[in-house]
Amino acid sequence: MAKHDPKEPPPPYYSVDVHTQPPLKSYEEVVYGVGPGLTPPNQPRYIPQYPPPVVVHQVTQPGISPSGKRKRCCESNAQCYGGSGGALLLLALLALAIWLGVRYGTRLATAAILYNEDNDDRTEEPLPSFDTCPNNTVQCDGIVECQLGSDESNCVRFGEGYSLQVRTSEDGRFLPVCYEGWDEKYAKQTCTQLGFSNSFVTKAVKSKGQSIGLTLTSRSSSLIQGAVNVSSSCPSRETVSLQCENCGQQQSTSRIIGGSIAETGQWPWQLSLHYRGSHVCGAVLISPDFAVSAAHCFPSKALASSTRFWKVYAGVVSQDNLPEPYLVKKIFLNENYDSRTNDQDVALLRLKSPVVINEKIQPVCLPTSGQQFLPGYTCWTTGFGTTEAGSGTASKDLMEVSVKLIDTQVCNSPPVYGGAVTNNMICAGDLDGGKDSCQGDSGGPLVCQGDNRWHLVGITSWGAGCGEKNKPGVYTKVSSVLPWIYSKMQKVK
Ligand code: ARG
């Protein structure tokens, strides 16, 4: 977290601040899965420097797992393929994969690398999980047909006022659920389906016009999309509002005037992610079992698959005073994360045991779909990152700083980031410099208040330097990656 008094001289310029500077020296490479039509699986990439972003492709032989960390671009790694032989083999494998995909109707839609305990063996390659679906699969009909359940994992979302919306199997539209027949049991079932442990509050909301909705038909399906039918309007024009978490409530609102050290309970969703005993990244609690962070916090297969070395600290405002940590069960990395551009820089952590919620520890609210926080809106970012750009040491205290949301067009203009900001990113900070997140804050929250609750609008991702003029912080836009987060939280199979 860099926070400078505007009257103070600007922070020293340093050239080594990278696009996604790895928090640890040993963070050298990224191994990720693929999305539809993207790069082949298990293709490591290097963390790019900013500017300009560079990608060094390293080709490894599929199936062979080099142990430990790899050196840069095959310098002396016998397991690396150099030259055209490797490229040809890769092409051949890619062609085979495409052919298999076409031939057997395999969907790549949920391709993800999922590191879990059982994978906690650094000699093993993390398993990319490509889903396989029969040819006539119907999405969102409540019947799991794909091997990993990808046909039923993207069927529920929350609209304005937490209105529950379910995707219809007929035309893929998200429609509100009618309140008639709705009860606590449905509420609990729907929240459990989404990966939350219970439901927090459910109520009826009056729908405006004669709007089309989904009526409840049966209790036999364990998935809400299998229990509804399209109807031209809801009885008594009431639809369901459902909140699965009591989220986004600050437990303490007093701030240290003029300072930037946060107080216990102020940002109760802030987590500190430790790797082998040191803070490397922030993370954000979204439910007792799940936290989100940045994908670039897990750049190496070796580091990411060793779940036992990762520890999550909750309710912490000082690194000098750490409670018992929570352990990590699984790390999901967004399969569309692009380490070259930093696009979709998001990871989801499933904890081994649920976090105990108290006045110091509370989940943040995920934004509802369509919820907008406009440029100029004042939000906050927090973290244990360095307070001096380039210093390399994390802050012992949790720091907070207010940042303004910046219009993407402005952020993409030539003097700022000249086109490097994708639609899945949101800039925040101060174009005059001084207020910013910094190295070690990655994976932490950018939160904005709306309807009296704090919503996770961004995940700290990258920036050029910290707190420099025209170089604001760039955050993963949570509304863009929301369907991905929900799909990974869901356990439909
Ligand atoms: N990539 C950094 C990290 O790993 C976060 C950088 C944020 N930079 C900024 N100027 N806001 O912690």
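The values are calculated or read from the model by the stated rules, or taken from the named source; none is laboratory data. Since we're looking at a predicted model, the values are computed, not measured. Every residue, glycine among them, receives a Cβ derived from its backbone with ideal geometry; neighbour counts consider all protein chains shown. Accessible surface areas use protein heavy atoms only, side chains included; no ligands, DNA or RNA. Shrake-Rupley method; radii C 1.70, N 1.55, O 1.52, S 1.80 Å.
Rolling a 1.4 Å probe across all protein chains gives Thr393 an accessible area of roughly 90 Å².
At 1.4 Å probe size, with no ligands or nucleic acids counted, give the accessible surface of Cys244 in Å², nearest ten. For Cys244, solvent-accessible area is about 10 Å². Largest accessible area first, the listed residues Thr192, Thr239 line up as Thr192, Thr239 when surface is computed with a 1.4 Å probe on the assembled protein chains. Rounded to whole numbers, the Karplus 3J(HN,Hα) couplings from phi for region 379-392 are 10, 10, 10, 9, x, 9, x, 5, 9, 10, 3, x, 6, x Hz, using 6.51 cos²θ - 1.76 cosθ + 1.60 with θ = phi - 60°, and x at Gly and Pro. The 1.4 Å probe gives accessible areas that order Lys208, Lys185, largest first, as Lys208, Lys185.
Here the simple spin-label model places points 7 Å from the Cα toward Cβ, and for Gln409 and Arg308 these points are separated by 5.5 nm. If one computes P(r) from the Cα atoms of region 380-493, what percent of pairs lie at distances over 17 Å? Looking at region 380-493, the distances longer than 17 Å represent 55 percent of pairs. Classify region 264-334 from the C-alpha gyration tensor, please: rounded if a/c falls under 1.5, else prolate or oblate depending on whether a/b exceeds b/c. In terms of gyration-tensor shape, prolate.
When all protein chains stay in place and ligands, DNA and RNA are ignored, the 1.4 Å accessible-area order of Asp183, Asp345, largest first, is Asp183, Asp345. Between the residues Leu431, Ala420, Ser402, the greatest Cα displacement towards the positive end of the dipole of region 390-460, with unit charges on the Cβ of Lys, Arg, Asp and Glu, is found for Ala420. Using C-alpha pairs under 8 Å with a sequence gap of at least 6, the mean separation divided by the residue count of region 349-457 gives a relative contact order of 32 percent.
Exposure check, 1.4 Å probe, all protein chains in place: Glu180 carries approximately 120 Å² of accessible surface.
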